[in-house]
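The values are calculated or read from the model by the stated rules, or taken from the named source; none is laboratory data. All values reported here derive from a predicted model rather than from experimental measurement. Quick reminder, even Gly has a Cβ in these numbers, built from the backbone with ideal geometry, and neighbours come from all protein chains shown. Accessible surface is based on the protein model in full, side chains and every heavy atom, while ligands, DNA and RNA are left aside. Shrake-Rupley method; radii C 1.70, N 1.55, O 1.52, S 1.80 Å.
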Amino acid sequence: MSVSDGKHTEGTADAPRDDPRALSRRFVLQAGGTGALLLGFELSGAAGAATGAKAFAPNAYIRIAPDDMVTLVMPSVEMGQGTYTSVPMILAEELDIPLTRVQLEAAPPDQKYYGNPIYGIQMTGGSTTIRGWWMPLRKAGASARAMLVGAAAAMWRVDPASCRTADGTVFHDPTKRSATYGSLAAHAALIPPPVNPKLKDPKTFKLVGRSLKRLDTPAKVNGTAVYGIDAMPPGVKFATLASSPVFGGRVAHVDDRAARAVQGVRQIIVLDDLVAVVGDHTWAAKLGLEALVVEWDGAHGNLSQADIWRGLGEAAGREGVVAQKTGDAIGQLRSGTVIEGDYELPFLAHAAMEPMNCTVHLRKDACEIWVGTQAMGKAQAIAVKESGLRAEQIVIHNHLIGGGFGRRLEVDGIGKAVRIARHVDGPVKVVWSREEDIQQEMYRPVYHDRMSAKLEGGRITAWRHRVVGPAILARYLPPAFVKGVDLDGVDGAVDQPYDFPHLQVEFTRHELAPVPTSFWRGVGPNSNIFSAECFIDKLARQHGIDPLVLRQRMLAKNRRALAALDHAAAKAEWTTLPRAVPGGGRFGRGIAMLSAFGSYLAAVADVAVTDDGEVRLKRIVCAVDCGTIVNPDGVLAQVQGGMIFGLSAILHGQITIEKGRVQQGNFNDYRVLRIDEIPKIEVYLMPSEEAPGGIGEPGTVVVQPAVANAVYAATGKQLTRMPIDPKEIAITRSP
């Protein structure tokens with residue numbers, strides 16, 4: 001192990017030199033007066049002590065206390081994806097401590113220290129937690145371990161290379177001496193941190209790669225886990241709200257006489273674009289809101305879903321900004337047999353089980369917020385804007401999130417809660433009803449993908465993909481909107497795993513105002529991979545080629561993608577079709593490939609389609625290569641859950657708009673997959689020594705085209721707009 005030479009601290013008269021309690025006054029002051037080692041790390045890998053060592057600009061911290069507990073200030077939030085288990089595993093591995101010795105502390109709003117290494121802003125999303133924090137956390141742990149070894153070696157006056165670490169202890173086997181990290185923490189704070197700490201050889205990993213139980217499960221089972229909606233500051237009042245049911249509407253008139261008569265109602269708040277009722281409890285607020293008579297001025301009362309589809313189709317006829325180009329696809333597609341296809345995906349809501357909520361206590365000189373958010377920095381910024389206070393006057397308590405899926409990357413709800421709190425004396429908890437949650441959403445946008453390609457000699461020789469839709473990143477993260485191309489909008493269309501000699505990908509920006517749109521568990525890849533994988537099946541079937549074989553030919557140069565594809569096909573027994581489908585129906589088997597989020601997934605879906613067009617899911621087989629896996633059990637859970645999320649979308653999911661209003665409002669008309677609809681799901685993890693990829697969204701994305709292609713195989717009809725419409729694939733019988 002390579003470590004920097006540490007300066008030995010002189011002991012006191014009654015303490016031996018190798019006693020870690022032998023601290024000078026200067027030493028104590030440099031260690032922060034706590035006897036704890038506080039270590040930060042930055043993306044470049046440079047690490048150092050935040051106190052007592054050369055100053056540096058970390059973006060996360062670990063603290064080692066005298067009681068041997070290690071606090072990890074969590075740069076990412078937990079919303080059911082297992083972050084609070086997998087991220088500590090990375091740190092514990094490099095630091096050489098038991099996982100049980102790591103305690104977590106949610107990071108405060110601080111973009112400089114806790115900015116996502118991939119996106120550069122403080123947020124959790126895009127399947128980036130493990131991808132982004134894998135190397136910074138490893139370097140932080142390795143650096144801290146080197147400093148602790150250096151401290152022990154200096155006290156024992158031995159070569160650091162002769163020491164080893166295990167279970168939070170430094171050992172010197174030749175002299176049979178040992179010291180726990182906690183006893184060394186204060187001394188280690190004076191050791192200059194190594195610029196390039198030596199990382200563990202993955203072959204020696206003890207934690208990473210093991211399936212470990214989720215650390216947050218016990219608290220969620222026994223009810224002690226605290227979500228944003230559970231926050232109960234003393235004296236809290238309860239509120240619920242309603243905004244205009246028509247996009248862009250404003251409050252015209254409110255009759256609150258009946259609402260004020262509801263027992264427990266304390267206050268009616270009328271703002272320009274919303275009304276809120278404050279009560280002693282949520283039920284009083286809910287009944288009070290129902291009793292309000294509100295007249296709205298709606299600016300977009302004539303907007304319909306047909307208008308939106310028509311606008312997208314017209315925009316698809318416009319040339320787009322070139323996002324990627326190889327060879328001359330346009331020239332190649334001027335001759336020969338060219339096949340074309342158009343694909344569309346609908347608006348979708350997130351409908352997380354924990355409805356939108358935010359608790360705010362706004363005072364004259366401070367604002368305290370209790371919430372579950374994926375974007376702490378943006379949460380602080382909206383609170384500053386709506387409260388008129390300075391950033392340092394905003395305190396945000398971030399909690400566990402009961403489902404995010406991208407919805408809690410947005411902070412519109414926090415802004416509304418702060419605006420309501422301006423009119424309430426004391427803390428107020430604002431909770432959205434399920435109907436308000438779904439009808440006042442930031443929706444997954446509708447996209448229109450126009451495809452054209454040519455197949456010659458059994459291979460795809462030219463490929464053109466035009467993506468038509470809004471530029472979410474132009475609003476959310478402007479640096480990622482580059483020269484007219486939304487990088488998320490074309491994700492999954494560019495950097496294809498397939499070897500297309502002539503390729504052109506374009507982005508045609510078409511905003512969907514007044515409908516607000518945002519991220520939804522793999523936004524761009526949802527549309528682009530769905531369209532591309534369905535189009536490949538169309539090309540294959542129109543040329544009489546097995547869809548698996550065509551993909552194999554086009555992936556010959558992509559080792560990882562081809563291996564995942566072959567593994568999924570083998571496990572699904574691709575060429576062995578059942579003679580009969582249990583329960584009846586036309587059998588179909590479909591396949592799809594994903595290359596996005598730094599991972600490769602291949603999925604095979606088996607379905608049965610009844611004569612009346614009902615699609616029954618039978619089996620999903622998925623091979624996953626997401627690079628180095630931290631917690632295999634967590635990956636399995638993410639892929640399985642993601643697939644169920646995606647299956648809900650392709651079978652049932654859609655938000656439709658008529659007369660400027662969202663038509664859906666609860667789980668009766670915005671369906672999610674029910675337990676009797678869930679197929680058998682088999683997930684196979686591919687061994688890999690590559691850097692970790694993302695896994696939160698890939699399962700959702702890849703399963704949708706796999707099922708669509710299975711329906712195509714069963715019926716001979718390719719559906720080009722989701723969700724699946726039974727009327728389009730029902731058997732038409734002559735009278």
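With the full set of protein chains in place, find how many percent of the accessible area of the stretch 491-598 is carbon and sulfur; take the probe as 1.4 Å. In the stretch 491-598, the share of accessible area belonging to carbon and sulfur is 50 percent. Rolling a 1.4 Å probe over the protein heavy atoms gives the stretch 335-435 an accessible area of 34 Å² per residue. Note on Ala366/Leu199: beta-carbon distance plugged into 1/(1 + (r/R0)^6) with R0 of 41 Å gives a FRET efficiency of 0.45. Close amide H pairs (under 5 Å, H built 1.01 Å from N) link Met74 with Glu105, Ala106, Ala107, residues at least 5 positions away or on another chain. Excluding ligands, DNA and RNA, the accessible surface per residue across the stretch 516-576 is 33 Å² with a 1.4 Å probe.
Under the convention that each Lys and Arg Cβ holds +1 and each Asp and Glu Cβ holds -1, the size of the dipole of the stretch 112-227 around its Cα centre is about 240 debye.
Applying both filters, DSSP loop and at most 16 other Cβ atoms within 10 Å, to the chymotrypsin sites (Phe, Trp or Tyr not before Pro) of the stretch 599-695 gives Phe667. Accessible area per residue for the stretch 184-308, computed on protein heavy atoms with a 1.4 Å probe, is 52 Å². Using the Karplus relation 6.51 cos²θ - 1.76 cosθ + 1.60 with θ = phi - 60°, the per-residue 3J(HN,Hα) values for the stretch 700-714 come to 4, 6, 6, 6, 5, x, 4, 5, 4, 5, 5, 5, 4, 5, 6 Hz, with x marking Gly and Pro. Separation of the stretch 134-185 from the stretch 502-518 is 53 Å, based on Cα centroids. Per-residue accessible area (protein heavy atoms, 1.4 Å probe) orders Met69, Met722 as Met69, Met722, starting from the largest. The length gained by stretching the chain between Arg553 and Ile330 to full extension, at 0.36 nm per residue less their Cα-Cα distance, is 78.0 nm.
Taking the centroid of alpha carbons for each part, the stretch 187-204 and the stretch 251-301 are 59 Å apart. Dipole magnitude for the chain: about 960 debye, using +1 per Lys or Arg Cβ and -1 per Asp or Glu Cβ, origin at the Cα centre.
If you take the alpha carbon atoms of the stretch 100-148 and fit the smallest convex hull around them, that volume is 104 Å³ per residue.
Dividing the Cα radius of gyration of the chain by its Kirkwood radius returns 1.01 for Rg/Rh.
Accessible area per residue was computed with a 1.4 Å probe on protein heavy atoms; Asp491 scores about 50 Å². What is the Cα centroid distance between the stretch 661-735 and the stretch 580-640, reported in whole angstrom? Distance between centres, Cα-based: 9 Å. Residues Met554, Met353, Met232, Met686, sorted by accessible area with the largest first, give Met353, Met232, Met686, Met554 [1.4 Å probe; ligands and nucleic acids excluded]. For the stretch 507-605, the convex hull spanned by the alpha carbon atoms encloses 172 Å³ per residue. Ligands, DNA and RNA left out, the accessible area of the stretch 618-735 computed with a 1.4 Å probe is 50% carbon and sulfur. Shown for the stretch 357-421: the carbon plus sulfur share of the solvent-accessible area, taken with all protein chains present and a 1.4 angstrom probe, equals 52%. Relative contact order, whole percent, for the chain stands at 13, derived from Cα pairs under 8 Å and 6 or more residues apart. Taking Cα centre as origin and charging only the Cβ of basic (Lys, Arg, +1) and acidic (Asp, Glu, -1) residues, the dipole magnitude of the stretch 482-553 rounds to 160 debye.
Each stretch of four or more DSSP H residues adds -39500 (n - 2.57); spread over every residue of the chain, this sum gives -8500 deg cm²/dmol at 222 nm.
Working from Cα pairs under 8 Å separated by at least six residues, relative contact order for the stretch 558-691 is 24 percent. Placing dummy labels 7 Å off each Cα toward the beta-carbon, the span from His281 to Glu689 is 6.2 nm. Note on Trp520: accessible area is roughly 10 Å² with a 1.4 Å probe, heavy atoms of protein only.
Assign one of three labels to the stretch 443-581, namely rounded, prolate or oblate, based on the Cα gyration tensor with a ≥ b ≥ c the square roots of its eigenvalues; rounded applies when a/c is under 1.5, prolate when it is not and a/b is larger than b/c, and oblate otherwise. Because a/c hits 1.5 or more and a/b exceeds b/c, the stretch 443-581 counts as prolate.
Residue-normalised convex hull volume from the C-alpha trace of the stretch 135-278: 276 Å³ per residue.
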